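Remarks on the structure that follows.
The values are calculated or read from the model by the stated rules, or taken from the named source; none is laboratory data. Please read these numbers as outputs of a predicted model, since none were measured by experiment. Cβ atoms come from the backbone with ideal geometry, glycine included; neighbour counts cover every protein chain shown. Side chains are part of the model used for accessible areas, which takes the heavy atoms of the whole protein and leaves out ligands, DNA and RNA. Shrake-Rupley method; radii C 1.70, N 1.55, O 1.52, S 1.80 Å.
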Amino acid sequence: MTEQAASNQYLFDDPEQDRLRLDTQTRLIGNYLIRHIRAFAGGDVRAILDLGCSSGQLGFRVLEVYPGAQLTGIDRDPVAIQNATTTASQHKLNASFSIGDIQVELPPGSFDLALASLVLLHTQRPEMALKHVYERLSSGGTLCMVELRQLPSVSGDQNYDRITALLFTTLGRIGSHPNIVEELPGLVAGAGFVDYQRHESESDHPLFTHNENDMRYAFAAGVGAMYNARQAIAAATGTPLVEVERMIVGVMNTMSHTTNFKVPPIFAVATARKP
């Protein structure tokens, strides 16, 4: 399983579909950060480091708040990096991107703000990634993290409850950190950070929206992740592939026929500061 994790940076079976899923998640998280990032990091942010930047969407959104800042992104996916570079060039943004593993090395520079959105849970050595971030942040710099919470139970939907449990088991067995939220306080303190804080609430989190269509779209993106992971889930847990697919279809059917649909708060938002 470790070899699988090392060779498949997205874990799932269709990298192109996963890029679309990540784009959806990033849009929602970006909307949240637009509202809150100044409260987290202050107004004087001149250099931003985006860890696991994918195609750069989150960093670009944060540049809307800090238009004079320099954005530097790093990701293991060369296609995503090319997409980010192309977008930055087309829109004449002050941004640069490079291919790399945040557990090994980060781009040079001194940064006032580091963004880590749904990336630490997919690392095998998050403590090394945090060590490198600490070294790159300027004194007083902020690390802003958005990570997956333990997925809450959806009342009456046994398919959802079972498939999410299998997904978390799969992540753990391939060497990822599905419960990274519980690990974060110790990890950031071990790297030297101070002032660790959690920020999201039941009514104000990255998936919170009053638009039911947006809620369904967000939830569908998460179910899409499970679908793309179906073969990995089957292999890691010994569950027949046809059974994994049946559960995913059941979840989508429930979502399609539920009125007053609400997305459970599945993301955690946390910050820490370099003293």
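Is at least one residue of the stretch 42-52 of a type outside the set (D, E, K, R), free of Cβ contacts under 8 Å to residues at least 40 places away in the same chain and touching a Leu at 6+ places or on another chain (Cβ under 9 Å)? Show your work before the answer.
So the first thing to find is which residues in the stretch 42-52 are of a type outside the set (D, E, K, R), and the list is 42-43, 45, 47-49, 51-52.
From what's left, free of Cβ contacts under 8 Å to residues at least 40 places away in the same chain: 43.
Adding the requirement that they be touching a Leu at 6+ places or on another chain (Cβ under 9 Å) leaves none.
No.
All but one of (1) more than 19 Å from the chain's Cα centre (by Cα); (2) exposed (fewer than 14 other Cβ atoms within 10 Å of the Cβ); (3) modelled with pLDDT of 80 or more; (4) of a type in the set (S, T, N, Q) hold for Q197, so report the exception by its number.
(1)
For (1) among the β-branched types (V, I, T); (2) open to solvent by less than 60 Å² (accessible area, probe 1.4 Å), each residue gets a yes or a no:
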site	(1), (2)
E64	no, no
D75	no, yes
I81	yes, yes
Q103	no, yes
G109	no, yes
S117	no, yes
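Take the stretch 33-51 and flag every residue that is assigned to a helix (DSSP H, G or I) and open to solvent by less than 20 Å² (accessible area, probe 1.4 Å).
L33, I37
Just to be sure before I move on: is I180 at pLDDT 90 or above and under 16 Å from the mean Cα position of the chain (by Cα) in the structure I sent?
Yes: the conditions hold for I180.
Which of the residues that make up the stretch 87-101 are of a type in the set (D, E, K, R) and either surrounded by 15 or more Cβ atoms within 10 Å (Cβ to Cβ) or under 17 Å from D77 (Cβ atoms) (or both)?
Our first condition is that a residue be of a type in the set (D, E, K, R); within the stretch 87-101, this holds for 92, 101.
Across the stretch 87-101, the qualifying residue is only D101.
Give just the number: which of (1) in contact with a Phe, Trp or Tyr (Cβ under 9 Å, 6 or more places away or on another chain); (2) modelled with pLDDT under 80; (3) over 30 Å from L137 (Cα atoms) does P206 not satisfy?
Failed condition: (3).
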